[in-house]
Amino acid sequence: MDNDDYKIHFDSPNKVIISGVLRLQSPNIYDDLFAPIRDTISQGQSMTMDIQNVSFLNSSGITALARLIIVARTHDAPFFIIGKEEIPWQKKSIVSLKRLWPKLEITLT
Amino acid sequence: MPIQTRYGISLDTDIQKTWGADFSIDFVVPLELVSQWRRCGLVSDFLANYHSFCFNDPKKALSILSTIINELLENAVKFSIDKNKLVTLSLRHSNHTIYIETINIAHQENASKLNEFAFKLDQNDADTLFFEQLETAATTSGLSGLGLHSIIKDYDAQLGLLIYPKIDEPQCYEVTITIAIDLSTINAL
(Lines give C-alpha, C1' and ligand atoms only; values in the text may rest on other atoms or scores of the structure.)
Protein backbone atom coordinates (compact mmCIF):
# COMPACT_ATOMS: atom_id res chain seq x y z
CA MET A 1 0.00 0.00 0.00
CA ASP A 2 1.82 3.06 -1.21
CA ASN A 3 1.03 6.70 -1.36
CA ASP A 4 3.03 9.85 -2.12
CA ASP A 5 3.52 10.32 1.62
CA TYR A 6 3.92 6.81 3.01
CA LYS A 7 4.63 3.17 2.23
CA ILE A 8 3.21 0.08 3.95
CA HIS A 9 5.00 -3.13 3.07
CA PHE A 10 4.37 -6.61 4.45
CA ASP A 11 7.74 -8.32 4.82
CA SER A 12 5.84 -11.45 5.88
CA PRO A 13 2.27 -12.07 7.06
CA ASN A 14 3.47 -11.20 10.56
CA LYS A 15 5.72 -8.25 9.88
CA VAL A 16 4.83 -4.90 8.41
CA ILE A 17 7.28 -2.11 7.59
CA ILE A 18 5.82 1.37 7.48
CA SER A 19 7.70 4.45 6.36
CA GLY A 20 7.06 8.08 5.49
CA VAL A 21 4.60 10.62 6.83
CA LEU A 22 1.18 9.53 8.10
CA ARG A 23 -1.14 12.43 8.82
CA LEU A 24 -4.51 11.07 7.81
CA GLN A 25 -7.75 12.82 8.62
CA SER A 26 -9.28 10.48 11.21
CA PRO A 27 -8.64 7.24 13.12
CA ASN A 28 -11.25 5.50 10.96
CA ILE A 29 -9.21 6.13 7.80
CA TYR A 30 -6.21 4.55 9.53
CA ASP A 31 -8.42 1.62 10.58
CA ASP A 32 -9.02 0.85 6.90
CA LEU A 33 -5.32 1.11 6.18
CA PHE A 34 -4.41 -1.14 9.10
CA ALA A 35 -7.15 -3.72 8.39
CA PRO A 36 -4.69 -6.47 7.30
CA ILE A 37 -2.74 -6.00 10.55
CA ARG A 38 -5.93 -6.15 12.58
CA ASP A 39 -7.03 -9.32 10.75
CA THR A 40 -3.76 -11.05 11.66
CA ILE A 41 -3.82 -10.17 15.35
CA SER A 42 -7.55 -10.94 15.57
CA GLN A 43 -6.53 -14.54 14.89
CA GLY A 44 -4.15 -14.45 17.83
CA GLN A 45 -1.10 -14.37 15.57
CA SER A 46 1.94 -12.27 16.32
CA MET A 47 2.63 -8.98 14.58
CA THR A 48 5.74 -6.85 14.31
CA MET A 49 5.34 -3.26 13.19
CA ASP A 50 8.55 -1.60 12.09
CA ILE A 51 7.94 2.14 12.17
CA GLN A 52 11.55 3.28 12.37
CA ASN A 53 11.15 5.35 9.24
CA VAL A 54 7.82 6.96 10.06
CA SER A 55 8.86 10.57 10.52
CA PHE A 56 5.39 11.81 11.50
CA LEU A 57 2.24 10.19 12.85
CA ASN A 58 -0.61 12.41 13.99
CA SER A 59 -2.86 11.81 17.00
CA SER A 60 -5.43 10.04 14.81
CA GLY A 61 -2.64 7.61 13.91
CA ILE A 62 -1.68 7.13 17.55
CA THR A 63 -5.33 6.33 18.26
CA ALA A 64 -5.41 3.80 15.41
CA LEU A 65 -2.24 2.21 16.80
CA ALA A 66 -3.85 2.09 20.24
CA ARG A 67 -6.86 0.33 18.70
CA LEU A 68 -4.56 -2.35 17.27
CA ILE A 69 -3.00 -2.83 20.70
CA ILE A 70 -6.45 -3.25 22.23
CA VAL A 71 -7.20 -5.95 19.62
CA ALA A 72 -3.89 -7.67 20.42
CA ARG A 73 -4.68 -7.43 24.13
CA THR A 74 -8.10 -8.97 23.58
CA HIS A 75 -6.68 -11.90 21.60
CA ASP A 76 -3.42 -12.11 23.54
CA ALA A 77 -1.55 -11.82 20.24
CA PRO A 78 2.16 -11.01 20.67
CA PHE A 79 2.67 -7.48 19.40
CA PHE A 80 6.03 -5.85 18.73
CA ILE A 81 6.76 -2.26 17.73
CA ILE A 82 10.19 -1.26 16.49
CA GLY A 83 10.81 2.46 16.53
CA LYS A 84 13.69 4.89 16.53
CA GLU A 85 14.77 6.84 19.59
CA GLU A 86 16.01 9.83 17.59
CA ILE A 87 12.54 10.56 16.22
CA PRO A 88 10.94 12.72 18.93
CA TRP A 89 7.30 11.68 18.48
CA GLN A 90 8.29 8.02 18.69
CA LYS A 91 10.33 8.54 21.82
CA LYS A 92 7.43 10.33 23.52
CA SER A 93 4.24 8.73 22.22
CA ILE A 94 5.10 5.13 21.38
CA VAL A 95 6.45 4.37 24.82
CA SER A 96 3.17 5.65 26.32
CA LEU A 97 1.24 2.94 24.48
CA LYS A 98 2.72 0.25 26.71
CA ARG A 99 0.39 1.43 29.43
CA LEU A 100 -2.52 0.07 27.41
CA TRP A 101 -1.06 -3.41 27.55
CA PRO A 102 2.11 -4.23 29.51
CA LYS A 103 2.77 -7.25 27.25
CA LEU A 104 3.33 -4.91 24.30
CA GLU A 105 7.00 -5.09 23.27
CA ILE A 106 8.57 -1.80 22.21
CA THR A 107 12.11 -1.52 20.94
CA LEU A 108 13.62 1.85 20.18
CA THR A 109 16.84 1.51 18.20
CA MET B 1 -26.09 30.47 28.93
CA PRO B 2 -23.34 31.12 26.36
CA ILE B 3 -19.87 29.81 27.11
CA GLN B 4 -17.24 32.40 27.79
CA THR B 5 -13.81 31.21 28.80
CA ARG B 6 -10.48 32.79 29.42
CA TYR B 7 -8.03 30.14 30.59
CA GLY B 8 -4.27 29.97 31.00
CA ILE B 9 -1.80 31.81 28.87
CA SER B 10 -2.72 34.33 26.22
CA LEU B 11 -0.97 36.25 23.49
CA ASP B 12 -2.90 39.48 24.00
CA THR B 13 -0.47 40.43 26.74
CA ASP B 14 2.98 41.94 26.88
CA ILE B 15 4.32 39.04 24.86
CA GLN B 16 2.44 40.20 21.80
CA LYS B 17 3.39 43.81 22.32
CA THR B 18 7.02 42.91 22.75
CA TRP B 19 7.46 40.38 20.03
CA GLY B 20 4.65 40.80 17.55
CA ALA B 21 3.72 38.03 15.16
CA ASP B 22 6.78 36.26 13.85
CA PHE B 23 4.62 34.47 11.37
CA SER B 24 0.90 34.34 10.78
CA ILE B 25 -1.17 32.70 8.08
CA ASP B 26 -4.88 32.52 7.29
CA PHE B 27 -6.13 29.69 5.16
CA VAL B 28 -9.04 27.43 4.26
CA VAL B 29 -8.96 23.64 4.07
CA PRO B 30 -12.28 22.38 2.67
CA LEU B 31 -12.69 19.07 4.49
CA GLU B 32 -14.87 17.67 1.74
CA LEU B 33 -11.73 17.43 -0.37
CA VAL B 34 -9.46 14.88 1.25
CA SER B 35 -6.57 15.95 -0.98
CA GLN B 36 -6.71 19.41 0.62
CA TRP B 37 -6.08 17.88 4.04
CA ARG B 38 -2.39 17.63 3.19
CA ARG B 39 -2.22 21.40 3.39
CA CYS B 40 -2.17 21.09 7.19
CA GLY B 41 1.03 19.07 7.05
CA LEU B 42 2.58 21.30 4.40
CA VAL B 43 1.97 24.47 6.41
CA SER B 44 3.17 22.79 9.62
CA ASP B 45 6.38 21.62 7.99
CA PHE B 46 7.01 25.04 6.49
CA LEU B 47 6.50 26.93 9.76
CA ALA B 48 8.52 24.40 11.72
CA ASN B 49 11.33 24.55 9.18
CA TYR B 50 11.25 28.36 9.26
CA HIS B 51 11.80 28.36 13.02
CA SER B 52 14.05 25.34 13.31
CA PHE B 53 17.21 27.33 12.62
CA CYS B 54 16.89 29.00 16.03
CA PHE B 55 17.80 25.67 17.65
CA ASN B 56 21.04 23.81 18.21
CA ASP B 57 19.58 20.76 16.52
CA PRO B 58 17.35 22.09 13.71
CA LYS B 59 16.35 18.61 12.51
CA LYS B 60 15.00 17.63 15.92
CA ALA B 61 13.34 21.03 16.41
CA LEU B 62 11.66 20.75 13.02
CA SER B 63 10.24 17.36 13.96
CA ILE B 64 8.88 18.55 17.31
CA LEU B 65 7.51 21.87 16.08
CA SER B 66 5.89 20.34 13.02
CA THR B 67 4.21 17.69 15.20
CA ILE B 68 2.79 20.31 17.55
CA ILE B 69 1.74 22.80 14.88
CA ASN B 70 0.09 20.05 12.86
CA GLU B 71 -1.99 18.85 15.81
CA LEU B 72 -3.22 22.37 16.55
CA LEU B 73 -3.93 23.08 12.91
CA GLU B 74 -5.77 19.80 12.32
CA ASN B 75 -7.95 20.57 15.35
CA ALA B 76 -8.73 24.08 14.14
CA VAL B 77 -9.64 22.83 10.67
CA LYS B 78 -11.68 19.84 11.88
CA PHE B 79 -13.71 21.87 14.32
CA SER B 80 -14.22 24.88 12.11
CA ILE B 81 -17.98 25.37 11.83
CA ASP B 82 -17.96 26.32 8.20
CA LYS B 83 -15.52 24.34 6.15
CA ASN B 84 -14.85 27.33 3.96
CA LYS B 85 -14.15 29.75 6.78
CA LEU B 86 -10.68 30.89 7.61
CA VAL B 87 -8.43 29.30 10.17
CA THR B 88 -5.68 31.53 11.53
CA LEU B 89 -2.34 30.17 12.65
CA SER B 90 0.33 32.31 14.31
CA LEU B 91 3.73 31.51 15.69
CA ARG B 92 5.68 33.79 17.97
CA HIS B 93 9.15 33.26 19.32
CA SER B 94 10.43 34.97 22.44
CA ASN B 95 13.85 34.45 23.98
CA HIS B 96 12.95 31.26 25.77
CA THR B 97 9.50 30.29 24.56
CA ILE B 98 7.65 29.42 21.38
CA TYR B 99 3.99 30.43 21.23
CA ILE B 100 1.68 28.81 18.71
CA GLU B 101 -1.88 30.01 18.33
CA THR B 102 -4.88 28.96 16.23
CA ILE B 103 -8.19 30.75 15.83
CA ASN B 104 -11.32 29.19 14.36
CA ILE B 105 -15.09 29.47 14.61
CA ALA B 106 -16.65 26.41 16.28
CA HIS B 107 -20.02 24.99 17.29
CA GLN B 108 -21.14 25.22 20.90
CA GLU B 109 -20.52 21.47 21.31
CA ASN B 110 -16.83 21.87 20.53
CA ALA B 111 -16.49 25.04 22.59
CA SER B 112 -18.08 23.23 25.49
CA LYS B 113 -15.69 20.24 25.18
CA LEU B 114 -12.69 22.55 25.22
CA ASN B 115 -14.07 24.31 28.26
CA GLU B 116 -14.50 20.98 30.01
CA PHE B 117 -10.96 19.96 29.03
CA ALA B 118 -9.53 23.12 30.63
CA PHE B 119 -11.50 22.40 33.78
CA LYS B 120 -10.20 18.80 33.92
CA LEU B 121 -6.65 19.98 33.31
CA ASP B 122 -6.89 22.07 36.45
CA GLN B 123 -8.06 19.07 38.47
CA ASN B 124 -5.82 16.31 37.02
CA ASP B 125 -2.31 15.83 35.75
CA ALA B 126 -1.72 15.71 32.00
CA ASP B 127 -0.61 12.04 32.10
CA THR B 128 -3.85 10.87 33.69
CA LEU B 129 -5.99 12.81 31.23
CA PHE B 130 -3.98 11.54 28.26
CA PHE B 131 -4.38 7.89 29.22
CA GLU B 132 -8.08 8.29 29.96
CA GLN B 133 -8.59 9.81 26.52
CA LEU B 134 -6.34 7.21 24.84
CA GLU B 135 -8.33 4.33 26.33
CA THR B 136 -11.61 6.03 25.34
CA ALA B 137 -10.46 6.77 21.79
CA ALA B 138 -9.05 3.26 21.38
CA THR B 139 -12.23 1.54 22.47
CA THR B 140 -14.79 3.71 20.67
CA SER B 141 -15.19 4.80 17.07
CA GLY B 142 -14.93 8.37 15.88
CA LEU B 143 -12.43 11.13 16.46
CA SER B 144 -9.29 10.73 18.51
CA GLY B 145 -9.50 13.81 20.75
CA LEU B 146 -5.87 13.21 21.67
CA GLY B 147 -4.18 16.16 19.96
CA LEU B 148 -4.13 18.69 22.79
CA HIS B 149 -3.64 15.97 25.40
CA SER B 150 -0.50 14.70 23.69
CA ILE B 151 0.98 18.18 23.16
CA ILE B 152 0.59 19.00 26.85
CA LYS B 153 1.80 15.62 28.09
CA ASP B 154 4.67 15.01 25.67
CA TYR B 155 6.07 18.52 25.40
CA ASP B 156 5.21 19.95 28.80
CA ALA B 157 3.29 22.71 27.04
CA GLN B 158 1.23 25.41 28.69
CA LEU B 159 -2.29 25.88 27.37
CA GLY B 160 -4.37 28.99 26.85
CA LEU B 161 -8.02 29.08 25.78
CA LEU B 162 -10.12 32.01 24.79
CA ILE B 163 -13.72 31.19 23.90
CA TYR B 164 -16.50 33.66 23.35
CA PRO B 165 -19.73 33.72 21.35
CA LYS B 166 -19.84 35.71 18.16
CA ILE B 167 -22.01 38.79 18.53
CA ASP B 168 -23.79 38.35 15.20
CA GLU B 169 -24.06 34.53 15.49
CA PRO B 170 -24.41 33.64 19.20
CA GLN B 171 -24.61 29.92 18.45
CA CYS B 172 -21.07 30.14 17.02
CA TYR B 173 -17.92 30.61 19.08
CA GLU B 174 -14.56 32.09 18.28
CA VAL B 175 -12.02 29.70 19.76
CA THR B 176 -8.41 30.75 20.29
CA ILE B 177 -6.01 28.06 21.43
CA THR B 178 -2.53 29.10 22.51
CA ILE B 179 0.30 26.74 23.30
CA ALA B 180 3.58 27.82 24.88
CA ILE B 181 6.64 25.59 24.92
CA ASP B 182 9.97 26.35 26.51
CA LEU B 183 12.88 26.12 24.14
CA SER B 184 14.76 24.20 26.82
CA THR B 185 12.12 21.44 26.66
CA ILE B 186 12.63 21.08 22.93
CA ASN B 187 16.41 21.12 23.29
CA ALA B 188 16.30 18.50 26.04
CA LEU B 189 14.27 15.92 24.09
For chain B, modelled as a Gaussian network with Cα springs under 10 Å, which listed residue fluctuates most, B:66, B:150, B:94?
B:94
The long-range amide H neighbours of residue A:106, using H built 1.01 Å from N in the peptide plane and a cut-off of under 5 Å, are A:81
Go through the stretch B:53-129 and name the chymotrypsin sites (Phe, Trp or Tyr not before Pro) that are in a DSSP coil and have 10 or fewer other Cβ atoms within 10 Å of their Cβ.
B:53
Extension gain from residue B:46 to residue B:107, taking 0.36 nm per residue of separation minus the Cα-Cα distance:
19.0 nm
Lysines near residue B:153 by alpha-carbon distance under 21 Å, same-chain residues fewer than 8 away left out - which ones?
A:84, A:91, A:92, A:98, B:60, B:113, B:120
Simple SL model, points at 7 angstrom along Cα→Cβ for residue B:128 and residue B:88; separation in nm is 3.6
If each of residue A:42 and residue B:136 carries a label point 7 Å out from its Cα toward its Cβ, how far apart are those two points in nm?
2.7
If I require 27 Å or longer along the helix axis, counting alpha carbons, and a Kyte-Doolittle average no lower than 0.0, what helices from chain B are left? Use full DSSP H segments.
B:58-78
DSSP beta bridge pairing in chain A, given as percent antiparallel to the nearest 5:
30
Would you mind working out the accessible area per residue for chain B, using a 1.4 Å probe, and quoting it in Å²?
47
Which value, to two decimals, describes the C-alpha radius of gyration of the stretch B:46-147 once divided by 2.2 N^0.38 Å?
1.22
With a 1.4 Å probe and all protein chains left in place, how much accessible area per residue does the stretch A:2-109 have, in Å²?
42
Which distance in Å, rounded to a whole number, links the C-alpha centroids of the stretch A:61-103 and the stretch B:97-130?
25
Whole-Hz couplings from phi, Karplus 6.51/-1.76/1.60, listed for the stretch A:85-98; x for Gly and Pro:
4, 6, 8, x, 5, 5, 4, 7, 8, 5, 4, 4, 5, 4
Could you check the spin-label model distance between residue A:5 and residue B:38? Points 7 Å from the Cα along Cα→Cβ, value in nm.
0.8
Accessible-area order (highest first, 1.4 angstrom probe) of the listed residues A:38, B:6, B:92, B:38
B:6, B:38, A:38, B:92
Ignoring ligands, DNA and RNA, what percent of the 1.4 Å accessible area of the protein assembly as shown is carbon and sulfur?
51
Taking θ as phi - 60°, what are the ³J(HN,Hα) couplings along the stretch A:40-49 by the Karplus curve (6.51, -1.76, 1.60), each to the nearest whole Hz, with x for Gly and Pro?
5, 6, 5, 8, x, 7, 6, 9, 10, 10
Sort largest first and round to whole Å: the equivalent ellipsoid semi-axes of chain A, each the square root of five times a Cα gyration tensor eigenvalue.
19, 16, 13
Accessible surface buried upon B-A contact (total; probe 1.4 Å; Å², nearest 100):
2500
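The values are calculated or read from the model by the stated rules, or taken from the named source; none is laboratory data. In this text the structure is predicted, and so the values were computed from the model without any measurement. Neighbour counts run over all protein chains shown; Cβ positions are idealised from the backbone, glycine included. Each accessible area value is taken on the protein alone, full model and side chains, heavy atoms only, with ligands, DNA and RNA left out. Shrake-Rupley method; radii C 1.70, N 1.55, O 1.52, S 1.80 Å.
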